[in-house]
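What follows is one structure encoded as structure tokens, with my remarks underneath.
The values are calculated or read from the model by the stated rules, or taken from the named source; none is laboratory data. What you are looking at is a predicted structure, and each value in this text was computed from that prediction instead of being measured. Cβ atoms come from the backbone with ideal geometry, glycine included; neighbour counts cover every protein chain shown. Note: areas computed on protein heavy atoms with side chains; ligands, DNA, RNA excluded. Shrake-Rupley method; radii C 1.70, N 1.55, O 1.52, S 1.80 Å.
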Amino acid sequence: MRRAGPFLALVFRNRLAGFGAVVLAVIVILCLITPLLPLLPPNVTDTPNKFLRPLSEGHLLGTDHLGRDILSRLLWGTRLSLAVGFAAALVAAGFGTLIGVTAGYFGGRTDNVLMRLIDMIMAFPYILLALAIVAALGPGMLNALIAVAAVNVPFFARNIRGLSAGLAAREFIDAARLSGQGHTRIILTELLPNVLPVITVAVSTTIGWMVLETAGLSFLGLGSQPPQADLGSMLGEARAAFLTAPHVMVVPGLTIFLIVMSINLLGDGLRDALDPRLRSGALARPAPVTLIRRDGPAPVAEHPEAALEIQALSTRFEVGARVYKAVSDVSLTLGRGECLGLIGESGSGKSVTALSVTGLVASPPGVITKGAVRLSGTDLLSLPYRDLRDLRGRRIAYIFQDPLSTLHPLYRVGEQMVEAIRVHRKMPLAEARAQCIALLRTVRIPNPESRFDAYPHEMSGGMRQRIGIAMALVNDPEVIIADEPTTALDVTVQAQVLALLDELRRDRGLSILFITHDFGVVGQICDRVAVMYAGRIVEEGPTAQVLAAPAHPYTSRLIASLPAPGAGKRRLVSIPGLPPAVDRLPPGCAFAPRCHRAQQDCSAGDIALTHQGKRALRCLHPEATA
Amino acid sequence: MGRYILYRLISAVPVVLGITVIVFFIMSLIPGDPATAILGAYASPENVAKLNRDLGLDRPMVARYFIWLGNLLTGDFGRSFSLNRPVLDEITERFSATLVLAGVSLVLCAVIGIAAGVVSAARQFGWQDKAITFAVLIGISVPSFFLGMLLILTFAVNLRWLPVSGMYEIYGGRTLWDLARHLVLPATALAAVATGVVARLSRSAMLEVLRQDFIRTARAKGVAERGVIWRHALRAAMVSIIPVLGIQAGFVLSGAVYVEVVFQWPGVGRMLVEAILKRDLLLVQGGVTFVAACYVLFNILVDVAQSLIDPRIKA
């Protein structure tokens, strides 16, 4: 328990868990000191004074049907209920651990037999088994305890078995075996200490459950026998007259409720503290549109004739106090019918740029803080959600990487294509189907009629990518944003898909923003290329010029790392170092630490993107151009 | 699909056999002579000996098990001494009442629980989410037998909206309307905990799914948020919600015992409790075996439903 302090602090950061802990502590303390309190004896009857209301003289919570003091019975009853619940949890954990550790440690046949047995027991709705046990042994508190413990053994056995099977395969157990220690000794000294924390957590989270189950059996008259009080039997006895004297029933009922609730709250706190994802906020639901929080007005359009104009776009991720500047001041212009490549390593911000166009960056944590995205002159970032949504898929369509995860796994591909049409246009199903099948033929899917009814997992990667392309085309968009559409494919399929995209572009006059990390792909399809590094554009220009004479050292390294097709074995130059983390960008050029041409002034301050003819560059010491 | 169902049915046979073994084993734990336990302490020795012979109790345990099993397979569950009628007749009659109650509760908990979970996830951290989370906490913490009594007190006694207990009016035509009125309170009491659990799980399953890539694809297609949530996300979340519904069915069936007692519902749960208190062991033995076997069948149904919703499961 070295880390108990911070861990408890984590649990209590959840205020409700703290509340649960306090309530539970008060109840437990009251139970512990019950024998010391000046209470009336719990089992002494006083029938003339039966059913006294709460706050009566001498009876703070009133009396029950035999005139017994409810407060006294409540405290003694809670004491018994908690004790039995705790005991049942311990017994269940004990036997469960024994079975689980044996099965997990020995594995093989022992494991098989024990776990089949556990499965059998779990085939029962739990109370049936408990009822059968009580039926055989006869009603009574001890037998109820045995029954409740027995039905909960499988829960512990299963959890502990999984854990010990994992541990048994670890080196330190092997080491102990090789040193000649006996099985019992290994289990007791090596295995058990490692599963004990889990057992402790499991016991503490199931006690509430055990208390409730024993109370249930007592309520049915199968647990504690008169005159002995526990919470369940108090409720059960109160049932006979609960219409006339509801307080006799409400007092123990509320107490059970409080106990179970506080244990639940505490359990939630424990679970949250143990699950790192909850702490980092990674389970937040992404909003339909990226959060837009621009500090100034949108920049004025400069190229209204362009299909798509991205102006000084900045997108960042805000995780707690950290700010990751994924995209900083990126400006791109995509002409009509043009294919513009956006290239960079993973983490350079190219995909975030692409997703920012129609507000598809997950928020939280994504925020667009600056700039504009203009589709034929209209700023998409200023549009209300309804108008933006109407644009998505109709005028701007995406082709994503890895269609196995980007297509819905449970709908047929045809259904998904038809949906893409019908969210924008009213169209009879048969007509939509015919259109989609025609498109499947266009992207050269064999047997399109039967493929229409296939599920994504039934197709090959190349086929799925074609589906993704066909789905982007269903509404005849002006702009296609292709986010690494060929990365997941092998080389031949990649070439086919690229040829297809190029052909479609020419046939349909599409404007394509093509995101990739591969200069080879850029060379095959893009008219112009922009190179991104650490969230910024570092170089831009016509593909042929940039490929022939890269000016930025980063670009030249990227090109050099490319194996030239047909050139035989060429040395692969990888770029030393890693891209910087975008929450701690160095001043000046972010590539400087990895750059062989870097000088002192590179890291001095911001370097502007300078335009020269069709090319642009953000570098103080560019490669010597021929 | 037919093959899959057949395969699941065949693989359920050993489970059901295991259930009979466990029940038989537990029942053989009865301290002392079973015949005395059945007939009571004041039975004459001749009667005890006769019953032992009639029930085959003088044979060894393994032989007794197979005799019992053989009888079960021919539909002979024995005769209840306290009710003086065949155990199977009583069980089927009572079990149908339980099925109505538990079935309605399960549907309630599935519909309300999933809807609440989806709304909670869609409005994460909003007031709806907070209200639902609070209601869920109350729901999963309140014992069904306590909630049942509170409901009776409020809606049957004070407000007089609904009947206090039972399944039908004593002098009535046993109409569906009458049954529905009698069902509202017990079904609510029974569904409360399961609804909370289902809502909780649905919420986290939805949050998990909403971060997946195919949700982003749906948004990129221009699907409205309502369609994203209910058509895309919920469909995928159902894959993890359905098994939990199966587990909850077991808890609902268990909770039915308490609710049947509180509401005087003529179901199999109340029958078992009464049988235990009257030491009618054949009735207990038969009832437990029968209900457990039905539960196994139900779980097969859940798996079949799962394979229908998820085409990736090879049926």
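Tabulated data
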read-out	value
Per residue accessible area of the stretch B:1-100, 1.4 Å probe, in Å²	60 Å²
Modelled FRET efficiency - R0 51 Å, A:VAL28 with A:GLU458, Cβ distances, 0.05 increments	0.35
Of the DSSP H helices in chain B, those whose Cα atoms cover at least 24 Å axially and whose Kyte score averages 1.6 or more	B:2-27, B:87-122, B:234-262, B:281-309
10 Å beta-carbon shell around A:THR487, net charge (K/R +1, D/E -1)	-4
Sites B:PHE298 and A:SER561 - FRET efficiency at Förster radius 51 Å, r taken between beta-carbons, to 0.05	0.30
In Hz, Karplus ³J(HN,Hα) per residue of the stretch A:224-231 (6.51, -1.76, 1.60; θ = phi - 60°; x = Gly, Pro)	4, 9, x, x, 4, 9, 9, 4
Where labels lie 7 Å past Cα in the beta-carbon direction, separation of A:ARG109 and B:LEU99 in nm	4.3 nm
For B:ARG85, distant residues with modelled amide H under 5 Å away	B:SER80
Interface burial for A against B (accessible surface, 1.4 Å probe, total of both chains, Å², rounded to 100)	6700 Å²
Set of the stretch B:105-146 residues, backbone N closer than 18 Å to the point 7 Å along the Cα-Cβ line of B:SER204	B:113-125, B:129-130, B:132-141
1.4 Å probe accessible area per residue over chain A, in Å²	44 Å²
Residues of the stretch A:237-260 with amide N under 14 Å of a point placed 7 Å along Cα→Cβ from B:LEU277	A:237-241
Accessible-area composition of the protein assembly as shown, carbon plus sulfur, in percent [1.4 Å probe]	63 percent
Cα-projected label distance for A:ARG294 with A:LEU178, points at 7 Å along beta-carbon direction, nm	6.6 nm
Highest-fluctuation residue, B:ALA110, B:ALA194, B:ALA218 considered, GNM on chain B with Cα pairs under 10 Å	B:ALA218
Per-residue mean of C-beta atoms belonging to partner chains within 10 Å, peptide B:272-278	5
Distance (nanometres) between label positions extended 7 Å along Cα→Cβ at B:ALA135 and A:VAL44	4.8 nm
Under 5 Å, built H, 5+ apart or other chain: amide partners of A:VAL529	A:GLY341, A:GLY541, A:THR543
Whole-number percent relative contact order across chain A, with pairs defined as alpha carbons under 8 Å at least 6 apart	11 percent
Accessible-area ranking of A:ARG615, A:ARG394, A:ARG506, largest first, probe 1.4 Å	A:ARG506, A:ARG394, A:ARG615
Percentage relative contact order, the stretch A:438-530, counting C-alpha pairs under 8 Å, at least six apart	27 percent
Chain B, relative contact order in percent, only Cα pairs under 8 angstrom and at least six apart counted	27 percent
Counting DSSP beta bridges with both ends in the protein assembly as shown, the antiparallel % (nearest 5)	60 percent
